Each structure stands twice: as structure tokens, then as C-alpha cells.
Amino acid sequence: MAAKNLPPTYDKIAKHAVFPEMTHDEKARYNFIANLNKHLAHVSQGNALAFENEVKPAFKNEHGRDFNSKDELGDAMAKNLHYQSWSALRRCTMEMRQQAGRSLTYRQAAELKEKVDALNAGKDTLILNDDVSPPPYLQAVDNHLMPGSYHTELFEGDVCNAANYDGGLFVTTAGLLGRYSDGGGQAIAQWVKNENSHFQPKRILDIGCGMGHNTLPIAKLFPDAEVIGIDTGKPMLRYGHARAVALGYDNVKFMQVEASEMPFEDESFDWIQTTMFLHETGGKSIYNIMREIYRCLKPGGLTMHIEQPQYTDDMSMYEQWIRDWDAYNNSEPYWSKMHDIDPKDLMADCGFNPAEFMQIGVKAINDLDDGTQKSDEPEDHGRSPIWNVFGAWKK
Amino acid sequence: MENPIDYIGIAGNKPKGKRPYFFDDPAVERVLNITMAVGMELAVARERIDTLERLLEEKGILSREEITNYVPTSKDIESQRQQWHSEYISRILRIVQQSMEEVKNPDKTLQEIADDINQM
Ligand SMILES: C[S@@+](CC[C@H](N)C(=O)[O-])C[C@H]1O[C@@H](n2cnc3c(N)ncnc32)[C@H](O)[C@@H]1O
């Protein structure tokens, strides 16, 4: 059998002046992990088979009925050997990816800080604020098993977690988001430009911009706009700003700002974007943040949110349950809870007109797609590069 | 600036939250995680050898075909290579060898031996 859908080799990743240096073996380690991830995406199909062929019939046999709840289903699946093996390996690959990325970035922690500091020096487009601390939900968990999350500095000026994120995203996504892992940002920027030609945003906000890889495609397609990325993680902002400077951007500002308490004036942005952000917030904050978005948006302005696909009523109990795997086992706890909220209600509760609500699907733009990465790939529980985007015009 | 970080220790830090274990016996999962890490390092070494071979070929020092078609040219080389395999396998399967020795020669526990020695 010929191997299909091989991930691109790690050397295809786009580098820039603050990108961590990697040895031959460090890159080889990432090649191994990317391939292991692909493999596990394929054998994840065995979970559905194990459910249909083994777990469900056995339960019915014993209890004379189907599962009543996701919990009951989960307890039964937890005893299945295929599911156990797949889960153990998936947890393992995520931990290996963190260790691989942390060892190579922390090995050069001082150099990374120096490179970043040199590019940031004297620039007024990086605005840090010590009074802003990370929200409590970020302090309660290390999302996707990244020790120290987005905000931890092991020493003053440490940017390792951001550099680790930058180097590793290509591995976790098996390169499907392109050389800069910015396929999501590119897709939304093109959608806004192509589908809404009347709309000429002058001031754009990207909330939870992280290291800004999805912010830059927006700044590129709207070069005359003032683009502001906000985040609470200092390492992300410092590294993201240096990365943007290194890549030649001068219309992006990086600010340390808490999204549920933004220092911006009412009605001061034309477009407010979040990308893979809301599912890493919390049950109360998501409302506070959406209210802030409404407040800061100009009348006629647009807000769009790239998110994991919602659960729909026609999705089976098994499908909903397996989609929660990452919530509990890859430390994305709000991912599951957020699915209980209807995004339309969320937006309506925060002031948006329900008639203006829209939901679209965007496919990540992959500049590495040479035709061998075709869509015969089995869907891997919300990790495919087709994203759900919801949002509204403020009218 | 000198690197302020013990990067080897830091690299393996645990993320927040109690770690889920999936196998009935967590020890199995522990062994799996160690095995996977070793498996990864083997893949890394394999990629390095591949790089070496390709560079050697590019520079005209040898061809990959020569590697493929290589056969030991003396009895000595043959036995060196086979001995390497034999030693390698014994190394990985040490625990099986020891359990066989134990079956052949049932041992006293160290407690019992300690009690014995106490009388010696
Ligand atoms: C999953 S990352 C997404 C990064 C980026 N938008 C992307 O496309 O990948 C979430 C980011 O949001 C930031 N964040 C979370 N809550 C925040 C808040 N209340 N205010 C500002 N930033 C926040 C985190 O620090 C983190 O960098």
C-alpha cells in the first residue's frame, strides 16, 4: 500500500529572524511526531468501529437498552482496548511534542530573548502593561498540555513558550495550515475582502492574537488598516511583535490587554476578529468578552469568530462524546462546555441583532498543498482544517 | 547572557491537571510512553543515517546501491555483525532471560537471604 497524505517534512516550515534554531535531530523528532499524528488520525477511525461492533452491542446485551448519556457511553468505551491504546498514544504524542519543543527552545532561551529584544527595541508598536494579568481560566489549566501556558516567563523576558508554540504548530497540524501555519487567518481575511467588497475596515482588532500568526494575513490583505492584536501573555506579545517586525510588517500593534476589560473607546473598530480563541476562555468570560466586542464595534462593523465546529442535534451521542476527547485529555476543558452554548444566543445576549447572525465554513488556505494532501483524509474529530466561523454585522 | 535555564528538566515538565491514564494498569501506559520515546529516537537516528548516506552519495564517496548490495567480505566481518545482533537482542529481552533463569533456579527472597546472612 502506497503511503498517502504524508505530512510535509519539517524543513518546509517558514522561518524568520526569531524562529528557534534546530539541529538535524530536533527536526527529525518533529518529523516523527507529525507522522505519528497522521497515523493516529487514521486509526482513530477504529474507535468508531470498536463502539459500533463491540462496545454498543455488549452494553445492549447486558442492559437490554442503548446508552442513556454520554457519561454512560464514556464509561463503557473507557474499557475498550482499542480506545485505550489510541488514547494513550495520543496523549503520549502530545506530551512528546511539548517535550521536544521545550527542550529545543529552552536550550536557546537566552539567544531567543536577545533576538526578540533587539527587534523590539525602540518600537512603539509593542505595548506591554504589567497591570494586566492572565484571566483566572488561563491560570487554572495549561491548555493543550503546554506547561506554563501563554503567560509564564521563567526569567524576565523569556519568550520560550511562544517560540515553542511557533515551532510546534506545524507538527500538531501536520502542516495542513501552510508554511506559516496561518491558513485560518488567510482564509478569513480573503473571505472578508472577497465576499464583502463594500467593506473597507480602517481599524481592526484581533483578540487573543497569541504570537500573531493569524493576525498578519489580515494586516497583509488590509495594508492601509491599523491592526491591533491583544493578548494577556507577555511572551506571546513580545515574540509575536518581533516576528511581525522580522517579516516586514509595520501596520500591526501588539498590546497587553485583557479582552473582557478593553481600554478601547466605544465604537472604535470596524472589524473585531477572534481565531481559535473562544474555546479557550471560560463560562462567564465568554459573555463579558462578547459584550466588550459589541461595545467596541462601530455600527456597521463586523465581528467573526473562527471556532471548532458546533455540535448539532443530528450528531450521534458517540460523535459528541469523542469530540470531547481533547477537552479532558488534551486540556481544553472549555472546548466541551462551549458546545452547550448556541453561538447565536451568545451573540444575541450580548447585544447583536439575531437577524444579522451568520455562520460559514472556511477551509484553511494551505500554501504547501501540492495536490497530494487531498480530502480523502478521515475527519479527525474537529481537528480537520475546515473551520466553523460565526459572527455578525453590528446593525 | 548565559542560558539561565536547566532545559533538560524544564523540557519534561508536567502540565497542570491530574494526568489521565487509559490502560487498566497505569504501569502498562508508563512502559508504552517510554517505548514510544525510544521508538522516536530510533526514527531520529534512522533519519540521520539517511542524511549521511545521501550526502556520501552526493559527494561521490559511495552510492546507496553499494550499501544495498553490501555483503560481508570475510568470515570475521560476518561474525562481528551477527554478534552485534545477538548482543542487541539479549539487551532488549533481558527481562525474559532473567525470568527463565528464575524458573530454572527458584530463588530465595532478599528478606530470606538477609535472615540467612544474619546467621552467618
Ligand atoms: C488558542 S490561542 C489562539 C491564538 C491565535 N489567535 C491563533 O489563531 O492561534 C488563545 C490566546 O488567547 C489569549 N487569551 C485568552 N484569554 C484572553 C483574554 N481574556 N484576554 C486576552 N487574551 C486572552 C491567550 O493568552 C492565547 O495566546
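None of the figures in this text is laboratory data; all of them are computed from the coordinates on show. These numbers were taken from a predicted model, which means no experiment stands behind them. Cβ coordinates were reconstructed from backbone atoms using ideal geometry, including for glycine residues, and neighbour counts include every protein chain displayed.
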Whole-Hz Karplus ³J(HN,Hα) for region A:319-334, in order, using 6.51 cos²θ - 1.76 cosθ + 1.60 and θ = phi - 60°, x for Gly and Pro? 4, 5, 5, 5, 5, 7, 3, 5, 4, 9, 9, 10, 6, 10, x, 7
How many angstrom lie between the Cα centre of region A:267-309 and the Cα centre of region A:1-48? 32
Cut-off 10 angstrom, C-alpha nodes, Gaussian network model of chain B. Which of B:T73, B:T35, B:T109 fluctuates the most? B:T109
About the Cα centre of chain A, how large is the charge dipole given +1 on each Lys and Arg Cβ and -1 on each Asp and Glu Cβ? Please answer in debye to the nearest 20. 720
Any idea how far the Cα center of region A:232-250 sits from the one of region A:109-123, in Å? 10
Straight-line reach only, C-alpha to C-alpha below 20 angstrom: list the aspartates and glutamates that A:K70 could link to, leaving out same-chain residues fewer than 8 apart. A:E52, A:E54, A:E62, A:D313, A:D314, A:E319, A:D324, A:D326, A:E332, A:D340, A:D342, A:D380
Neighbour-limited loop hits for GluC sites (Glu not before Pro), region A:188-297 (at most 15 other Cβ within 10 Å; DSSP other than H, G, I, E, B): A:E261, A:E265, A:E267
Beyond 15 Å, what percent of the Cα pairs of region A:161-201 remain? 52
Give the share of C-alpha pairs in each 5 angstrom bin for region A:302-375, from 0 to the last occupied bin, in whole percents, shortest bins first. 3, 12, 18, 16, 18, 17, 11, 4, 1
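Would you please give the FRET efficiency between A:D131 and A:E111, computed as 1/(1 + (r/R0)^6) with r the Cβ-Cβ distance and R0 = 25 Å, to the nearest 0.05?
0.25
For region B:25-119, what is the charge dipole size about the Cα centre, in debye to the nearest 20, if Lys and Arg each add +1 at the Cβ and Asp and Glu each add -1 at the Cβ? Present the calculation step by step, with values, prior to reporting the outcome.
Working: 12 positive and 19 negative charges, 57 e Å.
Here the size comes out at about 280 debye.
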The Rg/Rh figure for the protein assembly as shown, Cα atoms and Kirkwood Rh, to two decimals is 1.03
Expressed in nanometres to one decimal, the distance between label points 7 Å along Cα→Cβ at B:A45 and A:S268 is 5.9
What does the convex hull of the alpha-carbon atoms of region A:3-82 project to on average, in nm²? 8.4
Quick check on my link table: of A:K337/B:K16; A:K363/A:K394; A:K38/A:K234; A:K15/A:K115, which ones sit more than 21 Å apart, alpha carbon to alpha carbon? A:K363/A:K394; A:K38/A:K234
Expected sort for A:S87, B:S79 with the fewest Cβ neighbours (10 Å cutoff) up front is B:S79, A:S87
Loop chymotrypsin sites (Phe, Trp or Tyr not before Pro), region B:30-92 (other Cβ atoms within 10 Å of the site Cβ: 15 or fewer; DSSP): B:Y70
Using the Cα centre as the reference, give the magnitude of the dipole from point charges on the C-beta atoms of region A:259-355 (Lys, Arg: +1; Asp, Glu: -1; all else neutral), rounded to the nearest 20 debye. 140
Could you give the length gained on full extension between B:Q82 and B:R54, defined as 0.36 nm per residue of separation minus the Cα-Cα distance, in nm? 7.5 nm
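Using only Cα atoms, what is the ratio of the radius of gyration of region A:132-251 to 2.2 N^0.38 Å?
Output field value: 1.11.
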Burial ordering of A:I127, A:I230, A:I386, fewest other beta-carbon atoms within 10 Å first: A:I386, A:I127, A:I230
Over chain A, what is the relative contact order in percent, taking alpha-carbon pairs closer than 8 angstrom and at least six residues apart? 20
Bridge orientation stat for chain A from DSSP, antiparallel percent rounded to 5, came to 35
What share of all Cα pairs of region A:1-134, in percent, falls into each consecutive 5 Å distance bin? 2, 8, 12, 13, 12, 10, 10, 10, 8, 7, 5, 3, 1, 0, 0
Quick one, can you get me the convex hull of the C-alpha atoms of region B:1-66 expressed as volume per residue in Å³? 163
Of the options B:I95, B:V38, B:S79, report the single residue whose Cα projects farthest towards the positive end of the charge dipole of region B:25-119 (beta-carbon charges: Lys, Arg +1; Asp, Glu -1). B:S79
Rg and Dmax of chain B, Cα atoms, in Å? 23.8, 71
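Rounded to the nearest 0.05, what FRET efficiency do A:N53 and A:M315 have when you use their Cβ-Cβ distance and R0 = 22 Å?
Numbers: r = 20 Å, r/R0 = 0.91.
Using R0 = 22 Å, I get an efficiency of 0.65.
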Report the label-to-label distance for A:D71 and B:V96 in nanometres (one decimal), using points 7 Å from each Cα along the Cα→Cβ vector. 4.5
So for R0 = 60 Å, FRET eff. of B:V31-A:D349 from the Cβ-Cβ r, to 0.05, ends up at 0.75
